Every structure is written in C-alpha cells, then in structure tokens.
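Okay, so here's the structure we're looking at.
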Ligand SMILES: C[S@@+](CC[C@H](N)C(=O)[O-])C[C@H]1O[C@@H](n2cnc3c(N)ncnc32)[C@H](O)[C@@H]1O
C-alpha cells in the first residue's frame, strides 16, 4: 500500500527532478541531437530529452515508457515542442511497432531500470532498421574497485527507492550482449554527481 502510493505519487516527481540536473542535461545534449528520421525513445519517462532533439531532423518520434504517471508529465512537456510524438505506454520487452521501421533508437538512463533486458534488447534490434543507429547515454558500473564495491552494496536499496534502477550494470557489455555493435563509446564520472551513480557511458551502436 505505502509502496504503491510512493510509486504513484512520489517516484515520478523524484525521477523527473533527479534526472534533470545540469550535468545530466549536459550529457543528454551529447547524444540526443544526433537522432534523425523515425525515432523511438525507449523509456522516455517525463520527456526530459525533448528539448534536445533537432526537430527538423525528426520525421516522427515514438516515446515508449510503461509509466502512466511519467507519461502525464511527458504530455505536458510535449506541448512545448512541435515534434510529432506518439506515446506508447509499454515496456521495451514488447514494442508494438513493425520490424525494421526505426532509424534511430534513443535510450538515456533507462538500461539501468529495464528488468527484462534480453527480451527488450531483442525487441529493440527487431524494430531498428539494418542501417539504423542506437544512441545511448547511461550510468553504470564504475571502473574503480572501491566505488564498485559500494555500488554493489547499495544497489538493492537503491532499486527499491528508484523504481528498480540498478547502479552497477556494465552498460557496454549489456549493449553488446544484446547483439548491438558499439561504434563509439565515451565514459567518465560526470561532475557534481556522487561517484556511485555518476559513472556515465554514452555513444552509438549499430544493429
Ligand atoms: C531513470 S528514468 C529515465 C527516464 C528518461 N529516459 C530520462 O532520460 O530522463 C528510467 C525510466 O525507465 C522506464 N522503464 C522502466 N522499465 C522499463 C521498461 N521495461 N521498458 C522501458 N522503459 C522502462 C521508467 O518508467 C523510467 O521512465
């Protein structure tokens, strides 16, 4: 009961605030503007990436997310934006789009939270065109052993507070295990963010 109230009323606002810090928004701007054509954003959440799309390059945007509460915020954010958006209220493990229909998949700060990773990455591969790209920007496993130890310790509690978010996932490994080829990868601790949640991986992967 308390958990349901927390998930419904507190978590969406908490995620919206925590994911819109200056360093995180700076990261968004490193990947989102490269999206083009028919775009699928996985885990669009409250729509925090919307200001970073180059509208002229976007033919159509599908914004997928299972959270109805976050979608309510996204609908408000979408009003300030003239991209043609179609929201899909669903998890990435089942994407209701035709195979090979997407030019760009955008995924930011969401691979940490998806529970059915294998199924979700397989769906993402299915809908992405052969020459399509996946733009990703995620936080994950830190390279320093002392930080990683704390990530592993805190992860179970963190997940309970932040909607199933994992702070210790090996993002590049996970993308490659999903069958994608990483073409470009950058990584660093982002400034002004606790190291256990601040190690970012971003780049481009192909099908
Ligand atoms: C930390 S938030 C990030 C939201 C947004 N991507 C951003 O960059 O601000 C994680 C998001 O993953 C979404 N999510 C959780 N499970 C998912 C799933 N199975 N498929 C797609 N998105 C999922 C959540 O609803 C939430 O919007």
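Observations, loosely collected:
- Listed by first and then second residue, the pairs linking a residue in the range 157-179 that is closer than 23 Å to residue 70 by Cα to a residue that is modelled with pLDDT under 95 and surrounded by fewer than 17 Cβ atoms within 10 Å (Cβ to Cβ), with Cβ atoms under 8 Å apart and 6 or more places separating them unless they lie on different chains, are 162/14; 162/18; 163/7.
- Among the residues here, residue 66 qualifies as within 13 Å of the ligand (Cβ to nearest atom), within 19 Å of residue 138 (Cβ to Cβ) and modelled with pLDDT of 95 or more.
- Looking only at the range 100-111, and only at residues there that are assigned to a loop (DSSP other than H, G, I, E, B), within 24 Å of residue 200 (Cα to Cα) and touching a helix residue (DSSP H, G or I) at 6+ places or on another chain (Cβ under 8 Å), the one that is nearest to the ligand (Cβ to nearest atom): 109
- None of 177, 166 is touching a helix residue (DSSP H, G or I) at 6+ places or on another chain (Cβ under 7 Å) and either within 15 Å of the ligand (Cβ to nearest atom) or under 24 Å from residue 133 (Cα atoms) (or both) except 166.
- Any hit, the range 54-62, residues being touching a strand residue (DSSP E or B) at 6+ places or on another chain (Cβ under 7 Å) and within 11 Å of the ligand (Cβ to nearest atom): no
- Positions within the range 126-147 being part of a helix (DSSP H, G or I) and in contact with a strand residue (DSSP E or B) (Cβ under 9 Å, 6 or more places away or on another chain), in sequence order: 127, 147
- Only a single item in (1) buried (at least 22 other Cβ atoms within 10 Å of the Cβ); (2) within 13 Å of the chain's Cα centre (by Cα) is not met by residue 61, and it is number (2).
- Some residue of the range 71-86 being within 19 Å of residue 126 (Cα to Cα), surrounded by 14 or more Cβ atoms within 10 Å (Cβ to Cβ) and either more than 13 Å from the ligand (Cβ to nearest atom) or over 15 Å from the mean Cα position of the chain (by Cα) (or both): no
The values are calculated or read from the model by the stated rules, or taken from the named source; none is laboratory data. What you are looking at is a predicted structure, and each value in this text was computed from that prediction instead of being measured. All Cβ positions, even for glycine, are placed from backbone atoms using ideal geometry, and neighbour counts span all protein chains on display.
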